[in-house]
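The values are calculated or read from the model by the stated rules, or taken from the named source; none is laboratory data. No experiment lies behind these values; they were computed from the predicted model shown. In this analysis, Cβ positions are derived from the backbone assuming ideal geometry, glycine residues included, and neighbour counts consider all displayed protein chains. Just so you know, the surface numbers come from the protein's heavy atoms only, side chains and all, with ligands and any DNA or RNA stripped out. Shrake-Rupley method; radii C 1.70, N 1.55, O 1.52, S 1.80 Å.
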2 protein chains.
Amino acid sequence: MPARLRIFSLNCWGIRYLSKHCAQRYAMIGDLLSKEQHDVALLQEVWSEKDFLFLKKKLGGTHPYSHYFKSGFFGSGLAVFSKHRIHDAFLYKYTLNGYPYMAHHGDWFGGKAVGKILLNISGLEVHVFVTHLHAEYSREQDSYLPHRVVQAWELQNFIRHTSAGADVVILGGDLNMHPTDLGIRLLQSYTGLKDCFNETASFDGCEQGFTHITDNPFTHKQELIPFGGGIRIDYIFFKGSERARVSCESLATSKGPIPGQLFPYSDHETLSTELVLYSAEGGKGDSRKEKDCATEKLSELVNIVTEARTEVKVGLHYAERMRYTAARTGIMGLALLLLELAIAAVPCFALGTEQHFPKASFYLLGALCFTILLSTTLLYIFYGMEVKALQGAEDQMRLAVGSLQERLKDFQKGANENRSQKETDGHDDPATSEPDD
Amino acid sequence: MPARLRIFSLNCWGIRYLSKHCAQRYAMIGDLLSKEQHDVALLQEVWSEKDFLFLKKKLGGTHPYSHYFKSGFFGSGLAVFSKHRIHDAFLYKYTLNGYPYMAHHGDWFGGKAVGKILLNISGLEVHVFVTHLHAEYSREQDSYLPHRVVQAWELQNFIRHTSAGADVVILGGDLNMHPTDLGIRLLQSYTGLKDCFNETASFDGCEQGFTHITDNPFTHKQELIPFGGGIRIDYIFFKGSERARVSCESLATSKGPIPGQLFPYSDHETLSTELVLYSAEGGKGDSRKEKDCATEKLSELVNIVTEARTEVKVGLHYAERMRYTAARTGIMGLALLLLELAIAAVPCFALGTEQHFPKASFYLLGALCFTILLSTTLLYIFYGMEVKALQGAEDQMRLAVGSLQERLKDFQKGANENRSQKETDGHDDPATSEPDD
């Protein structure tokens, strides 16, 4: 019996206080996901952890497993919701991602990355990747092109190197590249990943599979008109293996305005696909893994990971305290600077009177305040990134402990069943019980 | 016939102008490597690319394949020399690595990472990892412990996720952890890697396998005395698979002073081991891979990677120019600041005379110079990191193109041979040629 796997992908455009109707759109996305019940939902640009937690609460009934990938200053923006247990998660942060002083583009602070989760579906090892590459702000003068090409290079490297043991590979996300762009060709020809849009048996959606269209009220129309009303920059890719054949049954995109709603889910269109997985052997992956790891080793591993998690928590506590200190010192520096400016303003207003306060001390104090403000800002950003990285590691460890404990339970249950089976066999038919070597 | 694999690992302590006898020690290391002819040499703390290039030139005859892993501001310091073709390289930079303002510790600027290379030895896929974790400056008050634990976590995650397709896994390097430390336990129990020191059939070296000892004239004796004259913080680990069984035949360390030399190779001891690889199937990995990729696809891939490399080179050129501009502007700011200070110094020396230069402009100019100096320094560091990252990607791409072209050549040769074989067969015995499906 082939397994069916429904995948959803959306760039949520979730910049709190800046993206239009952010909270309402998250509520709509939550409603859509809990109604449609895809197996896996891959979300990008979930910049705020609060929004992730909102979705997590809302989807608790339909998608009990989730993971939020933390990195950089704001986070990677990547989130995954799954109906199947997430056995493992791993994050690779791209080495290049724009420039910190291009703050209005903001990519650098986001810490863009590719996240990977590991699922086991009908005995098949399914590796699911989600990513979001650097935005393209101008196609003619794209100063970020080398950064995006390096990101595509690292993406294919990461997928290739980490999916050797996979039965099925799936990649979804906003790649910010057109279908014939260098990065897409690099990715596809190196990894052998197939584009759902090209492979699907049935397609329902925007013309040419566009995922960023002029019909969407949130997009800048002028930018998209030269491309015929839209561009295709969001993708779902897939690949089978010797152990599993995969085909794409259907692909659908939203088409801008949503019937019965005031606005669409995002400035990007949603993508959803149905994949069919034909197993060649069935259930082999899991049993092999369980053989590798005896109960004793597993529980030892749980203890070690728990110990590591404690250590990371200690570091997290320290980093949070340092971030707080940086913020407090920075605010004090700012207050002092404002106070000084206020003092300076008095003689300005009182024109004609002589200036009495000592100039040298004034400028020195001003320079000091400025230096404090600058350095604490840098420290705040740095500690913010440290906190995110430590939280990310701790999350991965928690997930790992959960998965290990599950395996331990299954393993013990299996052992108990085997034992009772053996005992039963022993009473019923002694001939069937084999001697130990 | 089992294959034999000799691995070497050394933390070279290669800080130009700071480490003692740096140039002479590199010459000694080069002599040792070209004499001993290990299959793979894993070096850490090769901080200067010039030193890597010196070794590369020196080892051109014995170790024609090499890779230098670039990351961070100074680089990762990781270098590999191999007698066997390096088919692929990949780098994972740890998300946490100390603090930029702890400049005297310098770890942050190094951008510590784990590098991976892929070798094919006697038909077995051998994945070799090299790494260097954050230093431990104080065992009692180790404020970097959470960072090192996260690094160990990421290291095991990277190895586990990227070595599923490996027949043999080898990890060497300076882990800066004692054998029973949390990070080592985490690494070993999660990945199943075995420590050469515990597994070797014959050991020749320092007591308890120490790799950082009081007998070495470059070490701080006081720090090591509490640990009984040395610590073991450098390791070589290995692991086989279903397709290959691996055993460790011998392990050796240097023992401080080298007979006939004035000083040792480094402040760490050298590690060298001989592993024996028993293949279960033999040569399967390669043929399967070749089947996957037809000639046409391969040459297309070569073109795409070459195109990407060009794009990265454009970015590199731009980043180098920006780094140069930052340096030039910074030097101008510094010159202006010094000039101002010189002007300011005149009234100081001429005590009693009245100060005539306008104070406000003076301080404003000073603050401007300072701001320029600070921001250009930050920019210089940032562009330095960008250059390193782009160079790293370009190196990987060059390596990939080389390996792809090699495969293409083999494939074409194989195809030609098959064709001529078929033709010969066709003439000699038509019955053996099978019809196509």
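The one condition from (1) within 13 Å of another protein chain (Cβ to nearest Cβ); (2) out of contact with any strand residue (DSSP E or B) (no Cβ under 7 Å at 6 or more places or on another chain) that B:H127 does not meet is (2). Within the range B:337-345, at least one residue is at pLDDT 85 or above, away from chain A (no Cβ under 13 Å) and either in a helix (DSSP H, G or I) or surrounded by 13 or more Cβ atoms within 10 Å (Cβ to Cβ) (or both). State the number of residues belonging to the range A:27-53 that are under 16 Å from the mean Cα position of the chain (by Cα) and part of a helix (DSSP H, G or I). Total satisfying the criteria: 5. Scanning the range A:137-145 for residues that are assigned to a helix (DSSP H, G or I) and either within 8 Å of chain B (Cβ to nearest Cβ) or open to solvent by less than 10 Å² (accessible area, probe 1.4 Å) (or both) turns up at least one hit. A search for C-beta distances below 8 Å between a residue of the range A:75-100 that is farther than 21 Å from A:L404 by Cβ and without any contact (Cβ under 8 Å) to a residue 24 or more places away in the chain and any residue that is open to solvent by 10 Å² or more (accessible area, probe 1.4 Å) and part of a strand (DSSP E or B), counting only pairs 6+ apart in sequence or on different chains, returns A:K93/B:K93.
Using the structure shown, decide if A:A89 is of a type in the set (G, A, S), touching a helix residue (DSSP H, G or I) at 6+ places or on another chain (Cβ under 7 Å), within 11 Å of another protein chain (Cβ to nearest Cβ) and over 29 Å from B:Y380 (Cα atoms). In short, yes. With respect to the conditions (1) more than 14 Å from chain B (Cβ to nearest Cβ); (2) under 27 Å from B:Y92 (Cα atoms); (3) assigned to a helix (DSSP H, G or I), A:I236 lacks only one, and its number is (3). Of all the listed residues (A:L155, A:L171, A:L118, A:L96), the sole one being touching a helix residue (DSSP H, G or I) at 6+ places or on another chain (Cβ under 9 Å), facing chain B (nearest Cβ under 9 Å), aliphatic (A, V, I, L, M) and not in a loop (DSSP other than H, G, I, E, B) is A:L118.
Residues in the range A:359-378 that are within 8 Å of another protein chain (Cβ to nearest Cβ), among the hydrophobic types (A, V, I, L, M, F, W, C) and touching a helix residue (DSSP H, G or I) at 6+ places or on another chain (Cβ under 6 Å): A:A367 only.
Cβ separations smaller than 6 Å between residues 6+ apart or across chains give no pair from the range B:396-423 residues that are closer than 11 Å to B:V302 by Cβ to residues that are of a type in the set (D, E, K, R) and open to solvent by 60 Å² or more (accessible area, probe 1.4 Å). Residue check: is A:G192 more than 26 Å from A:L155 (Cβ to Cβ), surrounded by 15 or more Cβ atoms within 10 Å (Cβ to Cβ), of a type in the set (G, A, S) and at pLDDT below 95? No; evaluated as a whole, the condition is false for this residue.
Each residue in the range B:395-420 was checked for being under 20 Å from the mean Cα position of the chain (by Cα) and away from every other protein chain (no Cβ under 14 Å), and 1 pass. Here the condition is being over 24 Å from the mean Cα position of the chain (by Cα), modelled with pLDDT of 85 or more, more than 14 Å from chain B (Cβ to nearest Cβ) and not in a loop (DSSP other than H, G, I, E, B); of A:Y278, A:Y318, it holds for A:Y278 alone.
Scanning the range A:188-202 for residues that are in contact (Cβ under 8 Å) with a residue 12 or more places away in the chain, at the interface with chain B (Cβ under 10 Å from one of its Cβ atoms) and either part of a helix (DSSP H, G or I) or farther than 21 Å from B:S299 by Cβ (or both) yields a count of 2. In the range B:6-15, is there at least one residue being under 27 Å from B:L277 (Cα atoms), assigned to a strand (DSSP E or B) and open to solvent by 40 Å² or more (accessible area, probe 1.4 Å)? Looking through the range B:6-15, at least one residue is under 27 Å from B:L277 (Cα atoms), assigned to a strand (DSSP E or B) and open to solvent by 40 Å² or more (accessible area, probe 1.4 Å). For B:R185, the criteria (1) open to solvent by 50 Å² or more (accessible area, probe 1.4 Å); (2) on the phi > 0 side of the Ramachandran plot; (3) within 14 Å of another protein chain (Cβ to nearest Cβ) hold in every case but one, which is (2).
Across the range A:94-109, not a single residue is classified as among the charged types (D, E, K, R), crowded, with 18+ Cβ neighbours inside 10 Å and at pLDDT 85 or above.
In this structure, does A:M332 turn out to be of a type outside the set (V, I, T), open to solvent by 50 Å² or more (accessible area, probe 1.4 Å) and more than 13 Å from chain B (Cβ to nearest Cβ)?
yes
Can you find even one residue in the range A:289-312 that is within 30 Å of A:N216 (Cβ to Cβ), open to solvent by less than 80 Å² (accessible area, probe 1.4 Å) and either in a helix (DSSP H, G or I) or at pLDDT 95 or above (or both)? Checked the range A:289-312: no residue is within 30 Å of A:N216 (Cβ to Cβ), open to solvent by less than 80 Å² (accessible area, probe 1.4 Å) and either in a helix (DSSP H, G or I) or at pLDDT 95 or above (or both).
Report yes if some residue within the range A:201-215 is surrounded by fewer than 24 Cβ atoms within 10 Å (Cβ to Cβ) and aliphatic (A, V, I, L, M); otherwise report no. Scanning the range A:201-215 turns up at least one residue that is surrounded by fewer than 24 Cβ atoms within 10 Å (Cβ to Cβ) and aliphatic (A, V, I, L, M). Looking across the range B:44-81 at every residue that is within 14 Å of another protein chain (Cβ to nearest Cβ) and of a type in the set (G, A, S), the one that is surrounded by the most Cβ atoms within 10 Å (Cβ to Cβ) is identified as B:S76.
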